[in-house]
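Notes follow once the structure below has been shown.
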Amino acid sequence: MFGVRSATVRFGHTLALDDVTVEVPGGSVVAVVGGDGAGKSTLLRALVGEVPLDGGTVEAPPKQRLGYLPASAGSWAALTVRQNIDFVAGIYGLAGEELTARRAELLDRASLTPAAGRLAARLSGGMRRKLGFIMAIVHRPALLILDEPSTGVDPVSRIDLWRLVSEAAASGAAVLMSTTYLDEAERAAQLVVLDSGRILVHGSYDQVRAGFAGVVTQTDEPVRAEWAWRRGRAQHEYWPGADPPPGTTVVAPDLEDIVIALSLVRRNEVLS
Amino acid sequence: MIVKEFRELVRDRRTLGMLVVMPLLLLVIFGYAANFYVSSLKTAVVGPQASQVAKMLPSLFDVTVTEPSGTQADAETLLQDNKVDVAFVTGQTPALALVNGSNLFAAQSAVAALNKVGNKVKTQVLYNPGLKTSWVMIPAIIGLILTFIGTIITSLGMVREREAGTLEQLAVMPIKPSQVILGKIAPYFLVASVDMIIVTVLAIVLFGVPFNGNPFAFALGAGIFLFVVLGLGVFISTISQTAGQAIQTAFFFLLPQILLSGMIFPLEAMAAGVRWIGYLLPLTYFIMISRGIMLRGEPIAALWLPFLVLTVMAVVIFTGATLRFRRDLAPGRPASPARKQPAAAETVGTA
């Protein structure tokens with residue numbers, strides 16, 4: 001089992017991770033969600049060894065068995081798709097027929113075969129992320145860390161990417177990915193919701209929903225603006241523990257509602 | 001808009017520093033260093049009447065060596081080793097004045113002064129008989145090209161990796177920081193070496209610049225100098241986050257080297273308060289080596305001082321810069337007790 005235990009990371013006076021424990025079992029996808037500055041990238045970078053811990057422990061495989069797709073491009077712009085893959089594969093010791101076969105297989109699965117000779121700089125955003133993903137898994141890592149692999153990617157490429165992620169997990173890799181897309185996170189085996197460096201809630205989507213206390217209502221005119229947020233044309237309002245006023249419409253909260261509601265609870269705790 | 005611009009400017013310390021430091025630097029350089037006229041020439045007088053001639057010479061000739069038993073060959077050795085700008089050989093009529101043409105402006109001052117003397121002295125310019133500017137500039141330009149590639153191009157190549165986020169990716173791969181550094185630097189080292197050879201050959205072919213010394217000694221000097229400037233390039237990359245910052249910082253390193261290394265303005269013509277800066281710059285020592293070997297055919301033993309200074313600079317700067325770069329590549333302290341591998345090795349299929 002890979003992961004972090006009681007991980008604490010400070011950047012100056014800022015507590016980026018506060019006693020965070022996350023386990024990433026082999027063969028499953030764990031999604032880390034949270035707003036900007038929640039600590040998602042710090043958690044991932046701590047796992048790959050890019051950020052030293054101020055407290056706690058990291059359990060990770062050696063670099064040879066680690067795959068990482070950073071939030072940035074993740075590929076060398078002046079190299080072609082094929083050259084990018086070959087360069088990274090070479091570092092992991094893949095060569096000859098094994099490399100040729102592996103490259104062809106991954107390019108095919110990512111629908112990038114026609115672009116194999118194209119410079120990475122000339123790829124679309126989605127294609128570039130898929131190339132980065134291929135480079136992260138070319139050596140069949142035991143632990144795969146993906147930092148917002150689908151941010152800024154078109155919906156079709158997002159589907160492709162998610163398929164690749166699922167296939168990696170299905171073949172045994174432990175996958176930890178951060179995402180800002182909650183619909184993506186719902187598909188993960190485990191969810192970790194971070195807020196200001198602390199875990200708000202974690203577990204499977206069903207567990208998170210089942211453990212969610214309180215009621216979410218839908219309204220045009222929220223009773224307490226500080227507990228409301230916009231969803232489409234309507235507003236949702238959270239009633240932690242208390243019953244909503246009569247006549248309001250109660251809705252079944254989805255992950256977005258749950259994350260926002262828990263974040264509001266946290267913010268009110270901090271303010272009080 | 002104006003307030004916004006000022007706010008941005010105040011937060012951009014590097015540009016602010018450039019705006020404040022650059023005018024001061026240019027003022028100091030052009031005020032104290034920009035001087036082509038050499039007012040004091042290191043002079044040797046050899047031969048039987050050495051003592052008498054030394055006393056008769058005008059104040060322009062600063063006699064540092066008086067050797068009555070010395071010969072013309074001794075005088076030529078002093079010039080070849082760049083210990084003097086002018087050497088008078090007495091005991092013959094007219095007396096012979098040998099001028100070190102590799103120190104162009106000193107030589108021009110000497111020739112102008114000696115022409116006023118008339119027939120009493122026969123003047124002979126060694127190492128650059130035509131007193132051609134190209135002959136003294138090109139050995140220095142070779143150093144400038146190496147500096148340009150070593151600092152600007154190398155730092156840009158390194159920073160581009162950081163900007164693209166691929167440096168972070170390399171850091172988590174099973175590749176040693178030393179391999180990353182070597183892989184990043186080796187191409188620039190090779191390109192700079194090829195550039196150096198091309199420029200040197202073109203200098204000889206197009207401008208007739210002589211190559212009187214040992215090419216291997218020259219290559220050794222250029223190689224050591226390359227390590228210094230590549231080290232500077234790596235250092236600049238460690239203190240820059242963007243390509244713009246790297247160029248800005250490299251400019252800070254490049255400008256004093258162009259103006260204060262003796263490439264354009266002779267060091268001996270600079271005010272003492274500015275000249276010492278020149279002696280801190282690596283290009284100053286490369287120019288001593290390149291002019292010494294190319295023009296004067298100096299043996300490596302006579303150039304021990306610039307070779308030693310450049311070697312010390314190479315070791316200090318290159319080691320310091322690569323250690324800084326290495327720290328950027330491995331910030332997570334992988335040997336830390338906080339980082340463990342699971343007891344049972346995980347096995348996976350074909351992801």
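Scan the stretch A:158-168 for residues that are more than 8 Å from chain B (Cβ to nearest Cβ) and open to solvent by 10 Å² or more (accessible area, probe 1.4 Å) and report the count.
Final tally of qualifying residues: 6.
Would you check which residues across the stretch A:90-112 are away from every other protein chain (no Cβ under 12 Å), part of a loop (DSSP other than H, G, I, E, B) and open to solvent by 40 Å² or more (accessible area, probe 1.4 Å) and list them?
Selection gives A:Ala95, A:Ser111.
When you check B:Pro174 against the structure, is it at negative phi and in contact with a helix residue (DSSP H, G or I) (Cβ under 9 Å, 6 or more places away or on another chain), yes or no?
So B:Pro174 fits the description; yes.
Among the residues of the stretch B:86-136, which ones are part of a helix (DSSP H, G or I), within 31 Å of the chain's Cα centre (by Cα) and not β-branched (Val, Ile, Thr)?
B:Leu104, B:Phe105, B:Ala106, B:Ala107, B:Gln108, B:Ser109, B:Ala110, B:Ala112, B:Ala113, B:Ser134, B:Trp135
Kindly check whether there is at least one residue in the stretch B:138-153 that is open to solvent by 10 Å² or more (accessible area, probe 1.4 Å), closer than 17 Å to B:Gly233 by Cα and touching an Asp or Glu at 6+ places or on another chain (Cβ under 6 Å).
Taking every residue of the stretch B:138-153 in turn, at least one turns out to be open to solvent by 10 Å² or more (accessible area, probe 1.4 Å), closer than 17 Å to B:Gly233 by Cα and touching an Asp or Glu at 6+ places or on another chain (Cβ under 6 Å).
Can you tell me how many residues within the stretch B:294-318 are polar (S, T, N, Q) and within 22 Å of B:Asn100 (Cβ to Cβ)?
0
Give B:Ile293, B:Ile239, B:Ile289 a once-over and let me know the one that is surrounded by fewer than 24 Cβ atoms within 10 Å (Cβ to Cβ) and of a type in the set (A, V, I, L, M).
Of the residues listed, the single one that is surrounded by fewer than 24 Cβ atoms within 10 Å (Cβ to Cβ) and of a type in the set (A, V, I, L, M) is B:Ile239.
Hand me the list of helices (runs of 4 or more DSSP H) wholly inside the stretch B:251-341 holding 1 or more residues that are under 30 Å from B:Gln80 (Cα atoms), basic (Lys, Arg) and out of contact with any strand residue (DSSP E or B) (no Cβ under 9 Å at 6 or more places or on another chain).
The qualifying helices (runs of 4 or more DSSP H) are B:272-278, B:282-294.
Show the residue pairs that are 6+ apart or on different chains and have beta-carbon atoms under 8 Å apart, the first residue being within the stretch B:309-332 and open to solvent by 40 Å² or more (accessible area, probe 1.4 Å), the second being of a type in the set (S, T, N, Q) and at pLDDT below 90.
B:Arg326/B:Ser178
Out of the stretch A:36-60, which residues are under 18 Å from A:Thr14 (Cα atoms) and facing another protein chain (nearest Cβ under 7 Å)?
A:Glu50, A:Val51, A:Pro52, A:Leu53, A:Gly56
Out of the stretch B:65-84, which residues are in contact (Cβ under 8 Å) with a residue 60 or more places away in the chain and either open to solvent by less than 10 Å² (accessible area, probe 1.4 Å) or among the acidic types (Asp, Glu) (or both)?
Correct list: B:Leu79, B:Asp81.
Here are some conditions: (1) open to solvent by less than 30 Å² (accessible area, probe 1.4 Å); (2) of a type outside the set (Phe, Trp, Tyr); (3) assigned to a helix (DSSP H, G or I). B:Gly183 meets all but one. Which one does it not meet?
For B:Gly183, the failing item is (1).
Within the stretch A:117-198, considering only helices (runs of 4 or more DSSP H) that don't extend past its boundaries, which have at least 1 residues that are more than 14 Å from A:Leu66 (Cα to Cα), touching an Asp or Glu at 6+ places or on another chain (Cβ under 7 Å) and touching a residue at least 60 places away in the same chain (Cβ under 8 Å)?
A:182-186
With a cut-off of at least 3 residues that are out of contact with any Leu (no Cβ under 9 Å at 6 or more places or on another chain) and closer than 30 Å to B:Phe253 by Cα, name the helices (runs of 4 or more DSSP H) lying wholly within the stretch B:1-71.
Hits in the stretch B:1-71: B:2-11, B:13-28.
Kindly indicate the residue of the stretch A:61-89 that is open to solvent by less than 10 Å² (accessible area, probe 1.4 Å) and out of contact with any strand residue (DSSP E or B) (no Cβ under 6 Å at 6 or more places or on another chain) and also farthest from the other protein chains (Cβ to nearest Cβ) among those meeting that condition.
Taking the candidates together, the pick is A:Val81.
On the given criteria, is A:Glu23 among the acidic types (Asp, Glu) and either within 7 Å of another protein chain (Cβ to nearest Cβ) or touching a His at 6+ places or on another chain (Cβ under 6 Å) (or both)?
No: the conditions fail for A:Glu23.
In the list B:Val46, B:Val53, B:Val38, B:Val89, which residue meets the criterion of being more than 30 Å from B:Leu260 (Cβ to Cβ) and in contact with an Asp or Glu (Cβ under 6 Å, 6 or more places away or on another chain)?
Answer to the check: B:Val46.
Find the residue count for the stretch A:133-157, including only residues that are crowded, with 20+ Cβ neighbours inside 10 Å and either facing chain B (nearest Cβ under 8 Å) or within 25 Å of A:Glu98 (Cβ to Cβ) (or both).
13
The values are calculated or read from the model by the stated rules, or taken from the named source; none is laboratory data. What you see is a predicted model, and the numbers here were worked out from it, not measured in a lab. Ideal geometry is used to build each Cβ from the backbone, glycine not excepted, and the neighbour counts take in all protein chains shown. Remember, those area values only see protein heavy atoms, side chains included, never the ligands or the DNA or RNA. Shrake-Rupley method; radii C 1.70, N 1.55, O 1.52, S 1.80 Å.
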